[in-house]
1. Mind telling me which of the residues ARG174, ARG185, ARG169, ARG137 ends up being of a type in the set (Lys, Arg) and in a loop (DSSP other than H, G, I, E, B)?
2. What are the residues in the stretch 80-102 that are β-branched (Val, Ile, Thr) and under 14 Å from GLU281 (Cβ atoms), if any?
3. Looking at (1) of a type outside the set (S, T, N, Q); (2) surrounded by fewer than 19 Cβ atoms within 10 Å (Cβ to Cβ); (3) out of contact with any helix residue (DSSP H, G or I) (no Cβ under 8 Å at 6 or more places or on another chain), can you tell me which one ILE96 breaks?
4. For the stretch 37-79, what are the residues that are modelled with pLDDT of 90 or more, touching a strand residue (DSSP E or B) at 6+ places or on another chain (Cβ under 9 Å) and assigned to a loop (DSSP other than H, G, I, E, B)?
5. Do we find that THR107 is touching a residue at least 12 places away in the same chain (Cβ under 8 Å) and part of a loop (DSSP other than H, G, I, E, B) in this structure?
6. For the stretch 64-87, give me each residue that is surrounded by fewer than 19 Cβ atoms within 10 Å (Cβ to Cβ) and farther than 14 Å from VAL17 by Cα.
7. Looking only at the stretch 140-166, which residues are of a type in the set (Asp, Glu) and either assigned to a helix (DSSP H, G or I) or not assigned by TED's automatic domain parsing to the domain that holds SER29 (or both)?
Amino acid sequence: MVKSDIDVGAVIPNDIVIAIMGPTGSGKSNFVDTLMKQKGTRDQRSGKSLKSCTDKVQAVQLPPALVTRHLPGTTERVVLVDTPGFDDTNKTDMDILNMIGIWLEKTYKKQVKLAGIIYLHRISDNRMSGSPHKNLRMFGKLCGDTAAHRVVLVSTMWDTVDPGTAEKREVELRDNFWKGMLDNRASYARFHNTTDSSWEIVNTVVRSKEAREVLLLQEELVDLQKRLNETEAGKALYTVLQKALSDQQETIRRLLADQASQANPELAKQLESEHARVQKELDATFVQIKRLKIPVGRRIILLFKFKKARGRAV
């Protein structure tokens, strides 16, 4: 743990709290390293492997000397909160949502509101599918429209892609996948993997630090006293997992058919191994779905609750 790390429970209402969100591998830890000039030091958070670098919610206070230099006139603590992405290499999506939900609920009960959210997306992805698409969908559900104006959608890894190709992908993101957030006054920026670029993005949030806002997930968990699986984010994850379960069941059906018709012993062994792997994923998905399912009795109770959230899912 680096010296600038602080307990997430130690965050106070006066802090300028900025959450860093996005899919696993989008560069969240690298963004923090670049901002704090930790690259190449023993305090570096990011790694070169494909595994997730962030497996829990981590709060880090930006060094006062750097804040004074890059954000003149800022006297409050600036705290970044690095969050794990969905499709984490070590935890299920349900675990990740629960982890983020607990932290957001805990801070909101202490009257701590986020000054902003920096949401990262790899511009190197040639299409929006799988994990990035799921992460963005989940983000829209937990953020909500009333807090969207506190969001900066940041594209990363511009230094790994042809500029012309990257610009075309940015246009597609703005016109399609980011449109819901942008229509609700979110902004967007490019992270060029430089210290100046990272501080410009943070300054976008700090400039309007007084306009702190409550996220939809916080409002649902605290003000409406909903259970996690009853929130918009929980229901969205339930739908995503149901689709994954259906796909996994179809994959197993095909693998079994291929195994039955296979005369090559070596290939049959490979198919059997793949079958076991997919079956394990299916079992894990089924467990998550079971945890997220809302009992009929609770559904009836929720129908008669007249208090509604201010925000709507994006």
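The values are calculated or read from the model by the stated rules, or taken from the named source; none is laboratory data. Please read these numbers as outputs of a predicted model, since none were measured by experiment. Positions of Cβ are generated from backbone atoms using ideal geometry, with glycine treated the same way; all protein chains shown enter the neighbour counts.
1. Being of a type in the set (Lys, Arg) and in a loop (DSSP other than H, G, I, E, B) holds for just one of ARG174, ARG185, ARG169, ARG137, which is ARG185.
2. THR89, THR92
3. (2)
4. Residues satisfying the conditions are LEU62, LEU71, THR74, GLU76, ARG77.
5. no
6. Residues satisfying the conditions are PRO64, ALA65, LEU66, THR68, ARG69, PRO72, GLY73, ASP87.
7. Within the stretch 140-166, just ASP159 meets the criteria.
Table: residues versus (1) within 22 Å of the chain's Cα centre (by Cα); (2) outside any helix (DSSP H, G or I).
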residue: GLN259; (1), (2): no, no
residue: GLN270; (1), (2): no, no
residue: ASP283; (1), (2): no, no
residue: GLN288; (1), (2): yes, no
residue: ILE294; (1), (2): no, yes
